[in-house]
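The values are calculated or read from the model by the stated rules, or taken from the named source; none is laboratory data. In this text the structure is predicted, and so the values were computed from the model without any measurement. Note that each Cβ is placed from the backbone with ideal geometry, even for glycine, and that neighbours are counted across all protein chains shown.
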Amino acid sequence: MMSARHYMLDGRIYNRQAKTLLANGYEVVHIGYGNEHKHYFTEDGFEIIQLKKLKKGSSFKTAFQSFKQSFLADIFEAAAKVKADVYHLHDIELCRIARKLQRLPHKPKVIYDAHEPYLENFLDFRKYHSLPKILFNDIPALLAEKRFLKKADLLIATESNVGARFAKTNPHTAVIHNYSYANESLIKPVAKKYDLVYSGSINETRGIEFIVEAVYECKKRGVDVSCIIVGNFETKHHEDSVKKKIATYNLDSQFYFPGHVAFDDVYIFYNESKIGVCLLPLNRTFKIALHVKLFEYLQFGLPIIVSNFGHMKDIAEDDEVGFAVDPYDASQVADKILYLLKDDCWQQYSSKCIEVVRRKYAWPEEAKKFLTLYKNMLSQEEK
């Protein structure tokens, strides 16, 4: 496993894929970046080689070192020393060294696993990127991805749209969804503290303001709806803006911001909540993306209120586990919140959520597909 920006114990890389391989006798190492150099093993035998990510800094020396690292020479060197049978790339930047990995003397296989629709992501969010990042990171990575798609030994997508796009270029394509992997023993019948929960990135594109407006609409109808927002704000400016709006609406006592929470502790808040929300603005990325948090919400029996487009709309409506709404219409969102908070209604939807995850959206079935891909690839190598 190799990454350029993902957490070393990322949910897809470690909890889903690596644990599946380890449980079936494979040796697995993850080479990536962090705040310091580290080399260690987890309790289940997952080897971590963490390279220090250099900060840009203000001096010419640190800026030059950071720029030099963007060419990925250090991670390529570390990967070459490992002499892996398969290099599984989890970030688009690594496409820049993918062909070099394939040309190593031991002739390894190289998998490219696209976690996101990167082209749409760039088109939608480039306004938030600095010019140097666009010129020296974003554009070179997109061009490298385009060149490597035909050459990859296997392409993996997390959802069907990107999967179909890849398949047009390379027949060796598979879709492995980020379905829920949480142990059901984590689901606890505890008292509910929060009516709504949102977990994940918090920035200007994640629709936190839609949630605030909906809670305010409920308040105007005489109902104080409580909400927990799990995660860190990416900028102080956005945090101040959101909290100012909450204060203006006199909602301070109804919102709770625990900040960064350890990955395994997020489930505590799911147990204590009633409804999972994912109210995103309409753009190219979110029309395609399949959001992991939806499956986490459902596994913990949280009916969902989501934006009325993309995969999230299909899941909410087709599986009857919640509602798809216009996120810009606070009145419509409030209608669905108050409807789901009715005790008998909530219980009915909650039971349906758990049943649907067990039947359709649990990781074990995806794990079988994933394991078959590896077995087939390595068996071909042996022939």
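Considering only residues that are among the hydrophobic types (A, V, I, L, M, F, W, C) and under 23 Å from L302 (Cα atoms), which ones fall in region 158-208? Residues satisfying the conditions are A182, L186, I187, V190, A191, L196, V197, I202, I208. For first residues located in region 104-131 and closer than 26 Å to F76 by Cα, partners that are aromatic (F, W, Y) and in a strand (DSSP E or B) and lie 6+ apart or on another chain with Cβ distances below 8 Å form the pairs P108/Y87; K109/Y87; V110/Y87; I111/Y87. Restricting Y328, Y349 to those that are in a helix (DSSP H, G or I) and of a type outside the set (V, I, T) reduces the list to Y349. Among the criteria (1) among the small types (G, A, S); (2) out of contact with any Lys or Arg (no Cβ under 8 Å at 6 or more places or on another chain); (3) farther than 30 Å from I337 by Cα, the one A144 does not fulfil is (2).
Identify, please: which residue in region 245-302 is of a type in the set (S, T, N, Q) and part of a loop (DSSP other than H, G, I, E, B) and is, among those, nearest to the chain's Cα centre (by Cα)? Give the steps one after another, and end with the answer.
Start the filter on region 245-302 by keeping residues that are of a type in the set (S, T, N, Q), which leaves 248, 250, 253-254, 271, 273, 283, 285, 299.
Among the residues that remain, those that are also part of a loop (DSSP other than H, G, I, E, B) are: 250, 283.
On the way: N250: 32, N283: 17 Å.
Once the filter is applied, the top-ranked residue is N283.
Figure legend. Inter-residue proximity from region 317-329: first residues closer than 17 Å to C218 by Cβ, second residues among the polar types (S, T, N, Q), beta-carbon distance below 6 Å, spacing 6+ or different chains. Indicated pairs: V325/N308; V325/Q332; D326/N308; D326/Q332; P327/S307.
The condition of being surrounded by fewer than 17 Cβ atoms within 10 Å (Cβ to Cβ) and in contact with a helix residue (DSSP H, G or I) (Cβ under 6 Å, 6 or more places away or on another chain) does not hold for L143.
Restricting K342, K313, K369, K336 to residues that are modelled with pLDDT under 95 and of a type outside the set (V, I, T) narrows the list to K342.
In summary, strands (runs of 3 or more DSSP E) completely within region 1-89 and bearing 1 or more residues that are of a type in the set (G, A, S), modelled with pLDDT of 90 or more and within 24 Å of the chain's Cα centre (by Cα) occur at 29-34.
The condition (being out of contact with any Ser or Thr (no Cβ under 9 Å at 6 or more places or on another chain) and in contact (Cβ under 8 Å) with a residue 40 or more places away in the chain) is satisfied by just one residue among V162, V266, V197: V162.
Return the pair list, or none, for Cβ contacts closer than 7 Å from residues in region 248-263 that are in the same structural domain as S199 (by TED's automatic domain parsing) to residues that are among the polar types (S, T, N, Q) and surrounded by 10 or more Cβ atoms within 10 Å (Cβ to Cβ), at least 6 apart or on different chains. These pairs meet every condition: Q254/S226; G259/N232; H260/N232.
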